[in-house]
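Working notes, structure below.
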Amino acid sequence: MLKQKSPGALYKIVLPTAEEAYDVGSLDVMDEESDYKLPGLQHRYPDTALIMATDICAGFCRYCFRKRKAVAPLNDDKIENFDDIIDYIERHTEISNVLLSGGDPFTLGNNKLLSLLEPLANIEHLNYIRIGTKILAYLPQRITEEPEFVEKLKELNKKKLIKIIVHFDHDEEFSKETTKAIEMLNNAGLTLYDQTVLLKGINDDIVTMTNLLDQLTAHKIIPYYIFQAMPVKQSLHLQVSLLDAMSLMNEISKTRSPLENKFKFIIPNELGKMECIGFDDNYLYFKHHKSVDSLKTGELFKVPCDKKRTWFSKEEIIYLKPSLNSSIYEPLCPTSLREFTQEKPSNGVFDSVSNNKQNVTKAKQLHKRSAL
Ligand code: SF4
């Protein structure tokens, strides 16, 4: 499974340590249990349905934010068939994409997984299907020993785009077998995106991160998200301070071009996904990257900066003004965060930040003009 010799950093992902005796943290940081519409189906964002295809994984990551499934498996997540879920997605035409998660969907048998993928591929209003998996790190043989199944995925991908969201935390996870599995998926025309969790003592250094990025680039995997480790029960020791994490993100950007480093550094919480965008002496700055309240997507906010801070609560959020939708604001705004957050931007585009309605109209007009 692991290329690294014991007792290497990667073993910390799967082996329990004495630090887990510090029994604090949450088992549902994202408040996912309130997103269930049916057993096995979460509908948190209007455009995305998340199917908990199984609660089984090929390995158990100590920091898993769905640890509650492992410590107290919910029987209702063991879905006998997916008929009700398919029916729900068919009826909800606002859903444009589906994420298969869990657990790891690739731990399902071929027939069971295809019984989910095939009807999904027939739903017209879906643009694509995502499959979230760490199988390439834990059990790449699931792919390499199943060429017929990969062929099936290839065929389905022609009908409906299938994106494989892989999960690598360290460059040492790229064993020979893993490389072979990636090649098979690449050759089948599937696009691979990577999600990584930032983990203290495992990958929170520039050498590991650049090595990981280099491996992703070499294997044609698109870097997607780096997640701040959540305050999950018994895994707080794996969290990196947000200040250190944001400094590390800056270092990565200095060493690899944006063409390679497409990672966004994200805090996932009950409000949605928050992108970490920078810091100064007093504050950490964020953007609502994808909000449960879709009106908030794009809004900017800050929380007081503290060297030891690893998380924040929604009560600590201070919204920045002007709170324009970023897609309108970004092409017009000054590039530095200092200018971005000051009361009157120096380019004269906005007369007054308090007059948001007028500013939005102006911004829209100028954006339209600049796009011509
Ligand atoms: S592979 Fe994903 S779902 Fe499974 S234990 Fe690890 S983080 Fe959790």
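Read-outs: derived from the displayed coordinates by stated rules, not from any lab. Only a predicted model underlies this, so the values are computations on that prediction, with no experimental measurement involved. No Cβ is skipped: glycine too gets one built from the backbone with ideal geometry, and neighbour counts run over all protein chains shown.
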With point charges of +1 on the Cβ of Lys and Arg and -1 on the Cβ of Asp and Glu, referenced to the Cα centre of the stretch 11-239, which listed residue (Ile95, Leu213, Leu198) lies farthest in the positive direction of the dipole?
Leu213
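For Ser294 and Asp244, calculate 0.36 nm times their separation in residues minus their Cα-Cα distance, and state this gained length in nm to one decimal.
Numbers: separation 50, 0.36 × 50 = 18.00 nm, distance 2.95 nm.
Between Ser294 and Asp244, full extension yields an extra 15.1 nm.
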Could you state the number of Å between the C-alpha centres of the stretch 20-39 and the stretch 100-150?
25
Entries in Lys67/Lys134; Lys12/Lys220; Lys290/Lys314; Lys12/Lys200 that, when Cα-Cα distance is taken, lie over 18 Å
Lys12/Lys220
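Determine, from the Cβ-Cβ distance of Thr179 and Tyr11 and an R0 of 25 Å, the FRET efficiency 1/(1 + (r/R0)^6), rounded to the nearest 0.05.
Details: r = 21 Å, r/R0 = 0.83.
Approximately 0.75, to the nearest 0.05.
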Once R0 is set to 45 Å, what does the formula 1/(1 + (r/R0)^6) return for the Cβ-Cβ distance between Asp47 and Asn186, expressed as a FRET efficiency to the nearest 0.05?
0.95
Name the residues whose placed amide hydrogens come within less than 5 Å of the amide hydrogen of Leu41, ignoring near sequence neighbours (fewer than 5 apart) on the same chain.
Met52
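Relative contact order of the stretch 11-239, please, whole-number percent, based on alpha carbon pairs below 8 angstrom and at least 6 residues apart.
Relative contact order, the stretch 11-239: 22 percent.
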Describe numerically, in nm with one decimal, the distance between label points set 7 Å from Cα along Cα→Cβ at Ala18 and at Asn111.
5.0
If each residue of separation counts as 0.36 nm, what is the full-extension length gain between Tyr128 and Glu148 once their alpha-carbon separation is subtracted?
5.0 nm
For the stretch 119-153, which GluC sites (Glu not before Pro) are in a loop by DSSP, counting at most 10 other Cβ atoms within 10 Å?
Glu124
Can you give the extra length, in nm with one decimal, that the chain gains between Ile317 and Glu32 once fully stretched, where that is 0.36 nm per residue apart less the Cα-Cα distance?
100.5 nm
